[in-house]
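Worksheet: one structure, shown below.
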Amino acid sequence: MYETSYHRASSVDDAQSKMKAAEDGKFLGGGMTLIPTMKQRLAAPTDIIDLAHVGDMKGIKADGSGITIGGGVTHSEVADSADVKAAIPALSYLAGLIGDPHVRNRGTIGGSVANNDPAADYPSACLGLGATIITNQRQIAADDFFVGLFETALNEDEIITAIHFPKPAKAGYAKFPNPASRYAMAGVFVAETGGDVRVAVTGAGNDGVYRESALEAALGGSLSVGAIDGISLDASNMMADMHGSSEYRANLVKVMAKRAIEAA
Amino acid sequence: MTVINLTVNGSEVSGEVDDRTLLVQFIRDQLRLTGTHVGCDTSQCGACVVHVDGKAMKSCTMLAVQADGSDVTTIEGLADGAELHPVQKAFRENHGLQCGFCTPGMIMAATDMINRHGKDLDEETIREELEGNICRCTGYHNIVKSIAAAAKEMG
Amino acid sequence: MSEGIGARVLRKEDKRFISGKGKYTDDVIEINQAYAAFVRSPHAHAKINGINKQAALDAGAVAVLDGKELTGDGIGNIICGWMIHSKDGSPMNMGAWSALATEYVRYVGDAVAIVIADSQAAARDAAEMVEVDYNVLPAVIKADKALEDGSPQLHPEAKNNLIFDWEIGDAAATDAAFADAAHIVEMDITNNRLSPNPMEPRSAVATYDASEEHYTLYTTSQNPHVARLVLSAFYQVAPEHKLRVIAPDVGGGFGSKIYIYPEEIACLWASMKTNRSVKWTSDRTEAFLTDAHGRDHITNAKMAFDANHKLVGVKVDTIANLGAYMSLFSSATPTYLYATLLSGQYNVPNIHGNVRAVYTNTVPVDAYRGAGRPEATYLLERMMETSARELGVDPIELRRKNFVQEFPHQTPVIMCYDAGNFEAHLDGALEAIDYKGFEARRAESASRGKLRGIGTSCYIEACGIAPSAAVGSLGAGVGLWESGEIRVNPVGTVEILTGSHSHGQGHETTFAQLVSERFGLPTDNVQVIHGDTDKVQFGMGTYGSRSGAVGMSALVKALDKVEDKAKKIAAHLLEASDSDIVIEGGEVKVAGTDKKLGWHEVCLAAYTGHNLPEGMSPGLKEDAFYDPTNFTFPSGTYICEVEVDPETGKTDVLAFVAADDFGTIINPMIVEGQVHGGLAQGIGQALLEEVVYDDDGQLLTASYMDYCMPRADDVPNYQVSHYKTECPGNPLGMKGCGEAGAIGSPPAVINAITNAIGNNNLSMPASPQKVWAAIQASGSKQAAE
């Protein structure tokens, strides 16, 4: 790791002003991606601004419309939350699949979504559920938030303070992990909300998380396995690496979509 | 350099660290508590697992400054004086270790696992929950057995 | 409760490990300690034009030292310690390997300079500032490609990168047997390249004491005495009496910590140059880039049967990738540890093996758990299973029909099997897995849309690597005996000094059990001392499953001498004849009388010297060297049952049975643990693990993000059982258990998967993607038929 300066933010405003003062600053959520990246000398921020002690970013709130999760909430808190389990069990299930227990104890939803790793789980839930990303500056629809590999609509000094997930009629998630990293090789989040069906895919696409329009079109307004049985997906949009060819990933997306629908 | 104050194994400690110092480096090099190990660079092997404020965390993926003000327990602080913790005992009684290098992280992870799940830990859950801890010696068979035995003992 | 041979004694060493009190090399902190980081080549093949150290020195590095300075100080090249001659009689073509590259770099990670600084972070910062001007050269990664005319050349000594072209067995007789055969089965088989991955990364702490001209090296070694010998005799770092090597607690080895690597040499030398203690600890990526890899064979194999399905011949042509340089035992692994096992458990009258070893621009390849024997077992057992399928017979019956039944059995490839009962463990394994019930279980899986398969592997391996005269005649540069010393203290407690090294095997317990067995003392009264060249005079270390059969045999010989002397003292004190004295339960008795002394009383008498037999010297301390008369031959049957998800290609190992014959077992708990660990590594090879380089020689699997280590949910609970035939070649009848799991398991897993999916064309690792593709291929084949 290169030299860096650590700053602990006490509030969202404090974090933003510390970021403004920094030459090349980075916000630190749980650090489950940023710190390994810094250890490998692939990132070298002059300053890191720790958001872990910002009280406003904690907590999970449920109301009739859905669930709002603070940006600083850890994966294990989401996985264990009775409110999340009641409103969107698929989201709780997804959170319990991220990393391992120790990573889940520290990693945060805000950090994961802001990082937008193309194989991370949360982006598929955001996109699949049509979530709203709430920042210290504005509210961004998930459809507009994820721009590309590790790229989002966030400005440099913008912080995800919370994410609002509307309550779906039905939702499910299925993940096929990369055998080595255990990140998603294909993770599919399906949701039916008010007659609208979304199929969001992580880990497989060439350009990060995306909505699989072929599956959405086949499903129409409701989730049924039979509707996608005959579909074969276009492999040209899929990522290829030593763990999986694009054809294999195209197959996995369909299989995981079926399993997510069955789980919903 | 930053001065940090934290509680480690029940004792107040303070130290001056470079901001880039990892918690595991502080524990090993400054506190000389060398039971916590480093086995990878990508937060996967779990040899470095300690408890921070009561929860299992990877001390290789945390800066020491992030732990300022926290309560940290390492493998050296798990036993109650001369009386070994039930998880430590179970690992010995079930031959849950060979070279010993992953063992401290395994034991800290297992303790956290049992704290969360209680005595009814089935084999499948144990194996799933060990996703963040790699052992190259035991083939996991006796580690799983050790954790199940400890869970029963602690329940 | 007895703590002797056969007792499940809990491990003595565990108390420190479970409390965080183990002492590994990286835990050592010396006064005046500096830290090393290495400048490594980012290219697989390049010429070094120049090195600019100024920026690193300006940033505060204590020193930046390069290969020219190293060789200028007379530090010698790293060598391979086993001479292999090609079939034309010429010696192997060994290229020069300097601990720090001088003119050329030959793999990504090749060390170019060592940087010393006051902290680890500062050393790494400075290492990045060293500017190396490279002239990048074309690289070759695959072993078969390296042999082609026009491929990039690594060493001037090795034309077409060929290190040796070696053969074993009778080519003409084998060809004749094939000409007359009723059935010939042929397969192209790849044995995937692996990284050993002990959880403790390699580490070294070197200290030079200028006033004594003496060096101390703490290092992660399986054989510190061999390290000292090689560092002294070949690398000229320091004469042996001026070099102490300590391998304290070592966190696993699996072969990768046998070798003496560039880093230890460079740290010792840098310690002298800087007059500082120098510590280096590898990170995991550095381990992937520099620890010796294992396996990496490309083989064409043929098996010939007569009309009655009796084997008449085996013919094997292998290309072994040895990487960019020849590591310490690299030449022995694909020759004498591999092709000598090509007879398997079978009566094979004619065998011919040809092995070409080649250089490539990759990390050196050497012995990894099993070393050669997994490669032999994998090809034989895949071929037996595939042959049975092609011949339309039961794979179990085909094996049974060809088993060696009588011992000793001389194979056509050097080995003489001394003892075994292959039917016994085969029958045991079939019963344990409920072989008869398989079809019902397969149907149950099918009802859930899953493909179930069962696969068998019958392995035999050779442990101990001995006798010394024999291995010497085959090219080994060292003898492969072991030494041991028994020191009895005046109070009757015992210290065992051994040349074996424990890095997870539990010697501190099992070796103590030998003393307990002999004198009836509790194991708590016995201390095992190992891993320090100042404490133990010499030893060959631990690898090749040799610590029991060879290391413990040396202790038995020393114990014989101690027992003999103790009896003489007791006989003298009790006024009895030596032959009437028995030692048991911590007492020394005259048989048939009530005359006795406590063990401690005899020991004290030995040290007071007040009343000893005429002419006897005081003290009770004996040593022994033991050189075995043959290899030992553990064998076993492994059966694996899998379930494949046809939609994703993912394989779940549902059951794994290991039925082994290890001869005499000292501590079943520890032996079972050794098998478990070996099985996980073998299942890992079969399903998960592979080192992958791209065509330019960049390592794609440089961390656990891409190199798939077996985790708890990848492996099943194992069913392990033992079937004993005693080894006649050593006093305890032991055979060795450390590597069997890794040797026997991979073909069982692959045979099970190919059985499940109905396609024999599958290579390791059988990743979900590969299995899925194989299912697609066999599906389309079936459709076409």
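The values are calculated or read from the model by the stated rules, or taken from the named source; none is laboratory data. Remember, it's a predicted structure, so these values are computed and weren't measured experimentally. So basically every Cβ, Gly included, is an ideal-geometry build from the backbone, and we count neighbours across all protein chains shown.
With the condition being over 15 Å from the mean Cα position of the chain (by Cα) and within 14 Å of chain B (Cβ to nearest Cβ), I'd like the helices (runs of 4 or more DSSP H) fully within region A:1-119 carrying at least 1 qualifying residues.
Working: elements: A:12-21, A:34-39, A:75-80, A:82-87, A:89-95, A:101-104, A:109-115.
Passing ranges, in order: A:12-21, A:34-39, A:75-80, A:101-104.
For region B:53-72, a residue qualifies if it is more than 14 Å from chain C (Cβ to nearest Cβ) and under 10 Å from the mean Cα position of the chain (by Cα), and the qualifying residues are B:Lys55, B:Ala56, B:Met57.
Residues that are out of contact with any strand residue (DSSP E or B) (no Cβ under 9 Å at 6 or more places or on another chain) and crowded, with 24+ Cβ neighbours inside 10 Å were ranked within region C:236-259; the one that is nearest to C:Phe38 (Cα to Cα) is C:Tyr259. The sole residue among C:Arg442, C:Arg452, C:Arg448 that is touching a helix residue (DSSP H, G or I) at 6+ places or on another chain (Cβ under 6 Å), closer than 23 Å to C:Asn717 by Cα, at pLDDT 95 or above and of a type outside the set (Val, Ile, Thr) is C:Arg452. Checked against (1) out of contact with any Lys or Arg (no Cβ under 7 Å at 6 or more places or on another chain); (2) away from every other protein chain (no Cβ under 14 Å); (3) not in a loop (DSSP other than H, G, I, E, B), A:Lys175 passes all but condition (2). Total residues in region A:1-11 satisfying the condition of being more than 30 Å from C:Ala126 (Cβ to Cβ) and surrounded by fewer than 18 Cβ atoms within 10 Å (Cβ to Cβ): the figure is 2.
Residues that are touching a Ser or Thr at 6+ places or on another chain (Cβ under 8 Å), under 25 Å from C:Thr701 (Cβ atoms) and within 14 Å of chain C (Cβ to nearest Cβ): does region A:218-235 have at least one?
Just the residues of region A:218-235 that are touching a Ser or Thr at 6+ places or on another chain (Cβ under 8 Å), to begin with: A:235.
Those left that are additionally under 25 Å from C:Thr701 (Cβ atoms): A:235.
Still in the running and within 14 Å of chain C (Cβ to nearest Cβ): A:235.
Taking every residue of region A:218-235 in turn, at least one turns out to be touching a Ser or Thr at 6+ places or on another chain (Cβ under 8 Å), under 25 Å from C:Thr701 (Cβ atoms) and within 14 Å of chain C (Cβ to nearest Cβ).
Pairing each residue of region B:82-106 that is more than 8 Å from chain C (Cβ to nearest Cβ) and at positive phi with any residue that is in a loop (DSSP other than H, G, I, E, B) and surrounded by fewer than 24 Cβ atoms within 10 Å (Cβ to Cβ), provided the two are 6+ apart or on different chains, yields no C-beta distance under 8 Å.
Taken as a whole, the condition of being touching a helix residue (DSSP H, G or I) at 6+ places or on another chain (Cβ under 9 Å), buried (at least 24 other Cβ atoms within 10 Å of the Cβ) and not in a loop (DSSP other than H, G, I, E, B) applies to B:Ile147.
A quick yes/no check of all residues on (1) among the small types (Gly, Ala, Ser); (2) within 14 Å of another protein chain (Cβ to nearest Cβ); (3) under 30 Å from C:His530 (Cα atoms):
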residue: C:Lys15; (1), (2), (3): no, yes, yes
residue: C:Tyr24; (1), (2), (3): no, yes, yes
residue: C:His43; (1), (2), (3): no, no, no
residue: C:Ala55; (1), (2), (3): yes, no, no
residue: C:Gly72; (1), (2), (3): yes, no, no
residue: C:Ala99; (1), (2), (3): yes, no, yes
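Within region C:658-694, count every residue that is crowded, with 24+ Cβ neighbours inside 10 Å, away from chain B (no Cβ under 13 Å) and assigned to a strand (DSSP E or B). Matching residues across region C:658-694 total 4.
Enumerate the strands (runs of 3 or more DSSP E) found wholly within region C:203-256, keeping only those where 2 or more residues are among the aliphatic types (A, V, I, L, M) and more than 14 Å from every other protein chain (Cβ to nearest Cβ).
Numbers: elements: C:203-209, C:214-219, C:243-246.
Hits in region C:203-256: C:203-209, C:243-246.
When the residues of region C:364-392 are filtered to those that are closer than 16 Å to C:Ile743 by Cβ and in a loop (DSSP other than H, G, I, E, B), the one that is farthest from the chain's Cα centre (by Cα) is C:Gly372. Put simply, of C:Gly506, C:Gly585 the only residue that is at positive phi and either among the acidic types (Asp, Glu) or touching a helix residue (DSSP H, G or I) at 6+ places or on another chain (Cβ under 6 Å) (or both) is C:Gly506.
Which one is farthest from C:Gly477 (Cα to Cα), of the residues in region C:257-271 that are part of a helix (DSSP H, G or I) and out of contact with any Leu (no Cβ under 8 Å at 6 or more places or on another chain)?
Step one: list which residues in region C:257-271 are part of a helix (DSSP H, G or I), which gives C:262-271.
Keeping just the survivors that are out of contact with any Leu (no Cβ under 8 Å at 6 or more places or on another chain) gives C:263, C:271.
Values: C:Glu263: 22, C:Ser271: 29 Å.
Here the residue is C:Ser271.
Of the residues in region C:345-363, how many are part of a strand (DSSP E or B) and either under 24 Å from the mean Cα position of the chain (by Cα) or aliphatic (A, V, I, L, M) (or both)? Working first, answer last.
Taking region C:345-363 as the starting set, the residues that turn out to be part of a strand (DSSP E or B) are C:346, C:351-358.
Going one step further and asking which of them are either under 24 Å from the mean Cα position of the chain (by Cα) or aliphatic (A, V, I, L, M) (or both), we end up with C:351, C:353-358.
Residues in region C:345-363 being part of a strand (DSSP E or B) and either under 24 Å from the mean Cα position of the chain (by Cα) or aliphatic (A, V, I, L, M) (or both): 7 in total.
When the residues of region B:1-46 are narrowed to those that are in contact (Cβ under 8 Å) with a residue 60 or more places away in the chain and away from chain C (no Cβ under 13 Å), which ends up farthest from A:Asn105 (Cα to Cα)? Among them, the one singled out is B:Thr2. Annotation note: of A:Val255, A:Val199, the sole residue that is at pLDDT 95 or above, outside the structural domain of A:Pro89 (by TED's automatic domain parsing) and under 18 Å from the mean Cα position of the chain (by Cα) is A:Val199.
With the structure loaded, tell me whether A:Met238 is within 19 Å of the chain's Cα centre (by Cα), within 13 Å of chain C (Cβ to nearest Cβ) and of a type outside the set (Gly, Ala, Ser) or whether it fails that test. If you could, list the steps in order and put the result at the bottom.
On the way: within 19 Å of the chain's Cα centre (by Cα): yes; within 13 Å of chain C (Cβ to nearest Cβ): yes; of a type outside the set (Gly, Ala, Ser): yes.
Here the answer is yes, as A:Met238 does meet what is asked.
When C:Tyr325, C:Tyr259 are checked against the criterion of being closer than 20 Å to C:Met92 by Cα and within 16 Å of the chain's Cα centre (by Cα), C:Tyr259 stands alone in meeting it.
Criterion first (away from chain C (no Cβ under 11 Å) and within 24 Å of C:Asp249 (Cβ to Cβ)) does B:Val49 satisfy it? Spelling it out, B:Val49 is indeed away from chain C (no Cβ under 11 Å) and within 24 Å of C:Asp249 (Cβ to Cβ). Tallying residues that are under 30 Å from C:Met83 (Cα atoms) and part of a loop (DSSP other than H, G, I, E, B) within region C:473-504 yields 12. For region C:747-764, filtering for residues that are part of a helix (DSSP H, G or I) and within 14 Å of another protein chain (Cβ to nearest Cβ) leaves 1.
When you go through C:Ile583, C:Ile569 one by one, which is the residue that is in contact (Cβ under 8 Å) with a residue 24 or more places away in the chain and crowded, with 24+ Cβ neighbours inside 10 Å? When all the criteria are applied, what remains is C:Ile569.
Name the single residue that is surrounded by the most Cβ atoms within 10 Å (Cβ to Cβ) among those in region C:696-745 being within 13 Å of chain A (Cβ to nearest Cβ) and in a helix (DSSP H, G or I). Restricting to residues being within 13 Å of chain A (Cβ to nearest Cβ) and in a helix (DSSP H, G or I), the top hit is C:Ala712. Scan region C:534-551 for residues that are buried (at least 24 other Cβ atoms within 10 Å of the Cβ), more than 14 Å from every other protein chain (Cβ to nearest Cβ) and not aromatic (Phe, Trp, Tyr) and the total you get is 10. Filtering region A:202-225 down to residues that are crowded, with 23+ Cβ neighbours inside 10 Å and in contact with an Asp or Glu (Cβ under 7 Å, 6 or more places away or on another chain), which residue is modelled with the highest pLDDT? Once the filter is applied, the top-ranked residue is A:Thr202.
Could you list, in sequence order, all residues of region C:413-447 that are hydrophobic (A, V, I, L, M, F, W, C) and either within 18 Å of C:Val657 (Cα to Cα) or buried (at least 19 other Cβ atoms within 10 Å of the Cβ) (or both)? Reasoning before the result, please.
Let us first name the residues in region C:413-447 that are hydrophobic (A, V, I, L, M, F, W, C), namely C:413-416, C:419, C:422, C:424, C:426, C:429-430, C:432-433, C:438, C:440, C:443, C:446.
Within region C:413-447, C:Val413, C:Met415, C:Ala419, C:Phe422, C:Ala424, C:Leu426, C:Ala429, C:Leu430, C:Ala432, C:Ile433, C:Phe438 qualify.
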